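Here the structure comes first, spelled out in structure tokens, and everything after it is commentary.
The values are calculated or read from the model by the stated rules, or taken from the named source; none is laboratory data. The shown structure was predicted, so the numbers you read here are calculated from the model rather than taken from an experiment. Cβ sites come from the backbone with ideal geometry, for glycine too, and all protein chains shown count toward neighbours. Side chains are part of the model used for accessible areas, which takes the heavy atoms of the whole protein and leaves out ligands, DNA and RNA. Shrake-Rupley method; radii C 1.70, N 1.55, O 1.52, S 1.80 Å.
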Amino acid sequence: MEWNKILSDKENKKRYTEYVNEWENKIHSFLEFDLDRQAPAQTAEQNVLESEKESATVRAAQLISGMPYAVKDNIAVKGYRLTCGSKMLKDFVSPYNATVIEKLNTVEAVPVGKCNMDEFAMGYSASSSALAATSNPRDLERSSDGCAAGVAAGIVPFALGSDTGGDVRQPASLCGIYGLKPTYGSVSRYGLVAHASSFDVIGVLSKELTIVESVFNLIKGKDEKDHTTAGYPLAGKSLSQKSVFGYLGGDIGLSEPVKQAYKNNIDILKAKGYGVKEVTFPLLEYVTPVYYTIAAAEASASLAKYNGIRYGYRSKGTDSPLELMKKTRREAFGDEVKLRILLGTYVLRSGMKEKYFIKAQKIRTKIIDEINSLFKSVDLLVLPVFPTTACKHNDAECGNRVQEKFTAIANLAGIPALSFPAGIYDNLPVGLQFLAPQYEEKLLFQAAEIIAKEIATAVPNAPGFKTIEEICTAGR
Ligand code: GLN
């Protein structure tokens, strides 16, 4: 696809803009959108593709070349605002590009917009955003994170998101698209605003598995600007007929549609001749409390820099620095962020740290051990992503429940996970996820391919969704 040609044609651009506007009026997935944006010409320094000789990378570069894409508003793109969905950074314009953007610049992919998101990525459906409310394009009465909604509606072929406890995979599942949370340290986070640094990772959302894989191949690899990154090993395992998938049996708290999808997809793997094995994960119920304890502690530290002095929102009418800081934070942070700061400060407080934070770290280690020992008897895990289908706007009971027990496992253990469309139930998409050991992303893509061949109806071309190719060729 010659994207540059398609989008430089005036008629095409008009049709595309009309389509974007039509959907945006309904779903509000973007905080900024700029179709005139061009990928800046690359410099030698920017040419950071790690292994250009690797054929997967060359193919990836061809597929993604010139493609428009969206970026979650906590990833820095020079010249765009970097709001993090917060009043605190509402007018802050990024002076530089995140490494992932620089890498995509090398194939001249074009960041055409910034997506709405939960304030500082706390949530999963943009409900805590201070700037907009996004609707799920599958059902406008339901909420969604911006990137997933924009991709599902066909506004862009892919988006870069961030996943701290599930925020790539959950919205992707609820909108019926793919969402990859890569291995911790495989993708540079230089230019990603921190939520909880020992979990945060940049991921990819798309309707097309090959696009997710290609973008991942382009953005992965060591980056001097992020010391948590490591070189990505070239050879990984491949799926074979001997591969075994582990799944959780028993009552794990799923709604009826998710339960059905889980069973159906396991049956598909079985019917295709793969091994499936019921496994137990006794620490499952600890995942959410451990995740929240550590994530809140880390967030309370990473949010300390928003003090009204160096950048971002500054409250007016105070003369002491302490008052200025207090008033700024009171006025510009929303309730969810304040709650996490309080919780995080509490669990780190002297006298409490042993009891909560250190204890959570110890259980995290046990969870990692348990996951590693599971991978001795199975090659991949298949798990639910979210216990229900998408929640309605302001449905406190549905939306406020903490729902990370299936997704945060991968963040606690630093392993990769890919959520995939697993069926449509009562007109709403259900997603499931594959999890693999560190650096075994290839296994995830191969496993998702098996399902993709069987569940054509889940690959989400609902009425009203078009691809850019369809929009641009419609008038011919
Ligand atoms: N829902 C989780 C939280 O609120 C995870 C969010 C995320 O992955 N950014 O912390």
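Give all pairs with beta carbons closer than 6 Å in which a residue from the range 67-89 that is more than 10 Å from Pro111 (Cα to Cα) meets a residue that is of a type in the set (Val, Ile, Thr) and not in a loop (DSSP other than H, G, I, E, B); count only pairs at least 6 apart in sequence or on separate chains.
So the pair list comes out as Arg81/Val93.
Considering only residues that are assigned to a strand (DSSP E or B) and among the hydroxyl-bearing types (Ser, Thr, Tyr), which ones fall in the range 235-264?
Tyr247
For the range 181-199, which residues satisfy the criterion of being within 13 Å of the ligand (Cβ to nearest atom) and not in a loop (DSSP other than H, G, I, E, B)?
Lys181, Leu192
Please work out if Tyr232 is of a type outside the set (D, E, K, R), away from the ligand (no atom under 14 Å from the Cβ), under 20 Å from Leu63 (Cβ atoms) and assigned to a loop (DSSP other than H, G, I, E, B).
Judged against the criteria, Tyr232 is a match.
Could you grab me the full set of residues in the range 329-347 that are aliphatic (A, V, I, L, M), open to solvent by 50 Å² or more (accessible area, probe 1.4 Å) and more than 15 Å from the ligand (Cβ to nearest atom)?
Scanning the range 329-347 gives no hits.
Could you check the range 194-205 and list, in sequence order, the residues that are closer than 22 Å to Val151 by Cβ and surrounded by fewer than 24 Cβ atoms within 10 Å (Cβ to Cβ)?
none
Which one is surrounded by the most Cβ atoms within 10 Å (Cβ to Cβ) among residues in the range 267-310 that are assigned to a loop (DSSP other than H, G, I, E, B) and of a type in the set (A, V, I, L, M)?
Ranking the candidates gives Leu283 first.
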